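The values are calculated or read from the model by the stated rules, or taken from the named source; none is laboratory data. Being a predicted model, the structure only gives us computed values, none of them experimental. All Cβ positions, glycine included, derive from the backbone under ideal geometry; neighbour counts span all protein chains shown.
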Amino acid sequence: MSDQHIYIFLGNDEFAIRKRVAKFDSIFSDPTSASMNTSLLDARTVSENELNNAVGAMPFLASKRLVVLDAPSKKYNGIEGHKKFIAFLETVAPSTLLALVDVDEIKEREIPNHWLVKWAAKNGDIAKSESFLLPKQREMPGWIANEAKRQGGQIEPQAAARLAEMVGEDPRQAAQEITKLLTYVNFAHAIGIEDVEAVSITSAGADVFDLVDAVGSQNGRQAQKLLRRLLDERDAFELFALVIRQFRLLLQAREVMEDGGNLPEVTSALGQHPFVAEKVFNQAKRFSLGSLQGIYRHLLIMDESAKTGVMTLDLSLETFIVELTHQK
């Protein structure tokens, strides 16, 4: 008979992992019972005695105790560390529900070889592992639509794509924005793109589209205004990474277009949501292939100059925008 009481949650999507752990609250009849039978610990700071006491304590007026242990892989690393922790896991009584939370950057192909996943696979009668990976950018509109439905509302496809463009690969931020948007429309109708534009945060990722639009139309004043605002709101290196990404997408799109490709081919090549791909496709029409190749080379030189201290990245970006918007 299976008596799984050790759960391993790993991946880089901390928001999804925390939501999964929160489901364990249902084993308690009321908040008071939950607080008396729950321990939240961090492996990096908790002592072995504290951990043993938390796991070994008997439930009080409840059928189970819940112990959530963060970052076990950070403390119990290496072969000896793994052996020691596994020996400890094998002593955990069924009356304790132990949730191990390993939030870390990990690729999907690496998950089966994770030491805790391998142990859980061999001990399926007492343990189970689940992985949670951040959705990719092209998956975010679908994630947003599902989250809106989970929260009791709906969102139109274009609105979901626009919100995804704003929040990037950040489910936590997306969920917060959805809650705000559903409150704004009072659950009376599906969230529309006009609602997103009116209520939601504007991220650097979304504004970079506007910045490139201004560059493509040779609107130097608008481009410099947007750049200054972005530099006030964001770390220069974070913003620079987004600028590089945008021009890389434009270069990819322009190369496809030069080979005779249209929007469907560009969408396939970029691997982005159709809404985003269409915006890139339209922007790419404003640049020649040669100009985009030159811009991208210049961005790489700027990156090297910033890293070697030749010129600050803020100044490099400002000079870059001035030069681009004064080209004919």
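Looking for whichever is among the aliphatic types (A, V, I, L, M), more than 24 Å from N219 (Cα to Cα) and surrounded by 20 or more Cβ atoms within 10 Å (Cβ to Cβ) here; the options are V276, V266. Which one fits?
Numbers: V276 fails: more than 24 Å from N219 (Cα to Cα).
Being among the aliphatic types (A, V, I, L, M), more than 24 Å from N219 (Cα to Cα) and surrounded by 20 or more Cβ atoms within 10 Å (Cβ to Cβ) holds for just one of V276, V266, which is V266.
Restricting segment 129-162 to residues that are aliphatic (A, V, I, L, M) and either modelled with pLDDT under 90 or not in a helix (DSSP H, G or I) (or both), which is farthest from the chain's Cα centre (by Cα)? Step through it out loud before you land on a result.
Restricting attention to segment 129-162, the residues satisfying the condition of being aliphatic (A, V, I, L, M) are 133-134, 140, 144-145, 148, 155, 159-161.
Applying the additional criterion that residues be either modelled with pLDDT under 90 or not in a helix (DSSP H, G or I) (or both) yields 133-134, 155.
Working: L133: 8, L134: 5, I155: 20 Å.
Checked segment 129-162; the qualifying residue farthest from the chain's Cα centre (by Cα) is I155.
Which residues, counting only those in segment 237-256, are touching a residue at least 60 places away in the same chain (Cβ under 8 Å) and farther than 18 Å from D210 by Cβ? Give the steps one after another, and end with the answer.
So in segment 237-256, the residues touching a residue at least 60 places away in the same chain (Cβ under 8 Å) come out as 237, 239-240, 243.
Of everything in segment 237-256, just one residue is touching a residue at least 60 places away in the same chain (Cβ under 8 Å) and farther than 18 Å from D210 by Cβ, namely F237.
Pick from F320, F281: which is assigned by TED's automatic domain parsing to the domain that holds L250, among the aromatic types (F, W, Y), modelled with pLDDT of 90 or more and surrounded by 12 or more Cβ atoms within 10 Å (Cβ to Cβ)? Spell out how you get there, then give the answer.
On the way: F320 fails: modelled with pLDDT of 90 or more.
Testing whether each residue is assigned by TED's automatic domain parsing to the domain that holds L250, among the aromatic types (F, W, Y), modelled with pLDDT of 90 or more and surrounded by 12 or more Cβ atoms within 10 Å (Cβ to Cβ) leaves just F281.
What is the one condition in (1) surrounded by fewer than 16 Cβ atoms within 10 Å (Cβ to Cβ); (2) in contact (Cβ under 8 Å) with a residue 24 or more places away in the chain; (3) at negative phi that V185 does not satisfy?
With (1) surrounded by fewer than 16 Cβ atoms within 10 Å (Cβ to Cβ); (2) in contact (Cβ under 8 Å) with a residue 24 or more places away in the chain; (3) at negative phi applied to V185, the lone miss is (1).
Considering each residue of segment 207-235, count those that are touching a residue at least 24 places away in the same chain (Cβ under 8 Å), more than 16 Å from V322 (Cβ to Cβ) and within 23 Å of the chain's Cα centre (by Cα), and give that number.
4
Do you know which residues across segment 301-324 are farther than 20 Å from Q222 by Cα and without any contact (Cβ under 8 Å) to a residue 40 or more places away in the chain?
I301, E304, S305, K307, T308, G309, V310, M311
Here are some residues: D125, D102, D170. Which one is of a type in the set (D, E) and not assigned by TED's automatic domain parsing to the domain that holds T38?
That would be D170, the only listed residue that is of a type in the set (D, E) and not assigned by TED's automatic domain parsing to the domain that holds T38.
For segment 275-299, name all the residues that are farther than 24 Å from G168 by Cβ and among the hydroxyl-bearing types (S, T, Y).
S288, S291
Restricting to segment 77-113, what's the tally of residues that are buried (at least 19 other Cβ atoms within 10 Å of the Cβ), not aliphatic (A, V, I, L, M) and not in a helix (DSSP H, G or I)?
Residues meeting the conditions: 2.
Can you confirm whether V256 is out of contact with any Lys or Arg (no Cβ under 7 Å at 6 or more places or on another chain), of a type in the set (V, I, T) and farther than 20 Å from I295 by Cα?
On the way: out of contact with any Lys or Arg (no Cβ under 7 Å at 6 or more places or on another chain): yes; of a type in the set (V, I, T): yes; farther than 20 Å from I295 by Cα: no.
So V256 fails the test.
Output the residue which, of all residues in segment 28-45 that are among the β-branched types (V, I, T) and surrounded by fewer than 17 Cβ atoms within 10 Å (Cβ to Cβ), is nearest to S95 (Cα to Cα).
Going residue by residue through segment 28-45, those that are among the β-branched types (V, I, T) are 32, 38, 45.
Still in the running and surrounded by fewer than 17 Cβ atoms within 10 Å (Cβ to Cβ): 32, 45.
Working: T32: 18, T45: 24 Å.
Per the criteria, the residue is T32.
Scan segment 286-310 for residues that are loosely packed, with under 14 Cβ neighbours inside 10 Å, of a type outside the set (S, T, N, Q) and not in a helix (DSSP H, G or I) and report the count.
Adding up the residues that qualify gives 2.
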